[in-house]
Amino acid sequence: MAATMTSKRLLLSDLVSSDKIDQVPSNYIRPLSQRPNLQDVFHDDHSIPLIDLHHLHGPNRAHVVQQIGLACRDFGFFQVKNHGVPESTITNMMNIAREFFTLPEEERLKSYSDDPTKTTRLSTSFNIRTEKVANWRDFLRLHCYPLQDYIHEWPTNPEAFRDHVAEYCRSARGLALQLVEAISESLGLDKDYISRQLGRHAQHMALNYYPPCPQPDLTYGLPGHTDLNLITILLQDQVPGLQVLKDGHWVAVNPVPNTFIINIGDQIQVLSNDKYKSVLHRAVVNCDKERISIPTFYCPSPDAVIGPAPELVTDDEPCVYRNFTYGEYYAKFWNRGLATENCLDMFMTSSST
Ligand code: OGA
Ligand code: NI
């Protein structure tokens, strides 16, 4: 029917499933100089360190903390096993996400919004209000701490959605707090130092859905970016797609069952006064398989004032960033689109913006 052919689909997944497209629509195509160049990507299974958290609470804590510190300094990324999040919690989370994205379009669209300030919303690409080229992704973004402030906004279909996602959020928060302590300690700071800078704390998550793509060389699930928050805990299914920039090369991070990928966000870079770097990463898509990834973004609350830890500012290592509220940073990040230039540049002491 002509009407359905021309009607604009809000979500990529519905465009892909309704029109059986065999070419990437022009608004998703990156200019030549910005394409993923998939043939140049390194596939090295030891690309980022795998850290066993089992000993984080025993006599070998110092050793694990040191490993985390080195990973933060040299990679900005690491994987963790024996992280304490039950396998059933992870499986339920992944299954409910997959179920959500297979609900009928009209059911999913109940959560649709393209307003980035909404605390629960289903949308597509990254920020369709500001970006020039679209990304091959749909996502459901949820605020999830304090849980009781947000859970009533979440989808109720699938029926078990709120229960499974809430359970996952609580577990992921437990892990985040342990990692934040270890990172604080690894910087030579009091183990509670970073946690105390986060105001009331906050936690967001995304359920990312990347449909199969007929021409993965022309577009991205998400182009290179750094995460604006404190730390990210990424759960992904068994389909590869995440790539991390290391020494100027994109390196594929292949999924390992029952591990999480942890990365440092911009706020750790600021708090550490550049000792730890928030590293560029991206998600690419493939021809054959849909992919689901579920990042938990652990954050300061919007009123929290973030700046370099005074103990890490010395004559040799002067203060790199001015103080700001996380709310200010958050607004700037979402307004500028996913530019490769770091949002952090706007908050440097030497910056005039
Ligand atoms: C993100 C992100 C990577 C992925 O959502 O910020 O980097 O593999 N996702 O989906
Ligand atoms: Ni990211």
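The values are calculated or read from the model by the stated rules, or taken from the named source; none is laboratory data. In this text, all values refer to a predicted model and were calculated from it rather than measured experimentally. Heads up, the Cβs are rebuilt from the backbone with ideal geometry, glycines too, and the neighbour counts pull from every protein chain shown. Just so you know, the surface numbers come from the protein's heavy atoms only, side chains and all, with ligands and any DNA or RNA stripped out. Shrake-Rupley method; radii C 1.70, N 1.55, O 1.52, S 1.80 Å.
Can you find even one residue in region 260-269 that is modelled with pLDDT of 95 or more, farther than 15 Å from P295 by Cβ and assigned to a strand (DSSP E or B)? No, region 260-269 has no match at all. The listed residues are I231, I261, and the only one of them that is within 13 Å of ligand 2 (Cβ to nearest atom), within 16 Å of I90 (Cα to Cα), β-branched (V, I, T) and touching a strand residue (DSSP E or B) at 6+ places or on another chain (Cβ under 7 Å) turns out to be I261. Quick test for you: out of I128, I68, pick the one residue that is over 30 Å from D163 (Cα atoms), free of Cβ contacts under 8 Å to residues at least 40 places away in the same chain and among the β-branched types (V, I, T). After ruling out the rest, the residue left standing is I128. Answer yes or no as to whether V165 is β-branched (V, I, T) and within 20 Å of T232 (Cβ to Cβ). In short, yes. Within region 152-182, the residues that satisfy the criterion of being part of a helix (DSSP H, G or I) and closer than 19 Å to N95 by Cα are F161, R162, D163, H164, V165, A166, E167, Y168, C169, R170, S171, A172.
Would you check if N273 is more than 16 Å from ligand 2 (Cβ to nearest atom), open to solvent by 50 Å² or more (accessible area, probe 1.4 Å) and not hydroxyl-bearing (S, T, Y)? Lay out the reasoning, then the answer.
Working: more than 16 Å from ligand 2 (Cβ to nearest atom): yes; open to solvent by 50 Å² or more (accessible area, probe 1.4 Å): no; not hydroxyl-bearing (S, T, Y): yes.
Against the criterion (more than 16 Å from ligand 2 (Cβ to nearest atom), open to solvent by 50 Å² or more (accessible area, probe 1.4 Å) and not hydroxyl-bearing (S, T, Y)), N273 does not qualify.
For region 187-196, the set of residues classified as open to solvent by 20 Å² or more (accessible area, probe 1.4 Å) and either polar (S, T, N, Q) or within 21 Å of the chain's Cα centre (by Cα) (or both) consists of S195 only. Taking region 273-294 as the range and being assigned to a loop (DSSP other than H, G, I, E, B) and touching a Lys or Arg at 6+ places or on another chain (Cβ under 9 Å) as the test, the residues that pass are K275, Y276, K277, V279, V285, E290.
Conditions (1) surrounded by 15 or more Cβ atoms within 10 Å (Cβ to Cβ); (2) assigned to a helix (DSSP H, G or I), marked per residue:
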| site | (1), (2) |
| --- | --- |
| L56 | yes, yes |
| H63 | no, yes |
| R73 | yes, yes |
| V80 | yes, no |
| H83 | yes, no |
| M94 | yes, yes |
| F100 | yes, yes |
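Scan region 152-186 for residues that are out of contact with any Ser or Thr (no Cβ under 8 Å at 6 or more places or on another chain), without any contact (Cβ under 8 Å) to a residue 24 or more places away in the chain and open to solvent by less than 50 Å² (accessible area, probe 1.4 Å) and the total you get is 1. Number of residues in region 197-233 that are over 12 Å from the mean Cα position of the chain (by Cα) and under 19 Å from G69 (Cβ atoms) equals 1.
Within region 183-228, being closer than 28 Å to T119 by Cα, polar (S, T, N, Q) and either within 16 Å of ligand 2 (Cβ to nearest atom) or part of a helix (DSSP H, G or I) (or both) holds for S195, Q203, N208, T226.
So that you can scan it fast, the table gives a plain yes or no per residue for (1) touching a Cys at 6+ places or on another chain (Cβ under 8 Å); (2) at positive phi; (3) more than 15 Å from ligand 1 (Cβ to nearest atom):
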position	(1), (2), (3)
L245	no, no, no
D274	no, yes, yes
S278	no, no, no
F297	no, no, no
P302	no, no, yes
F347	no, no, yes
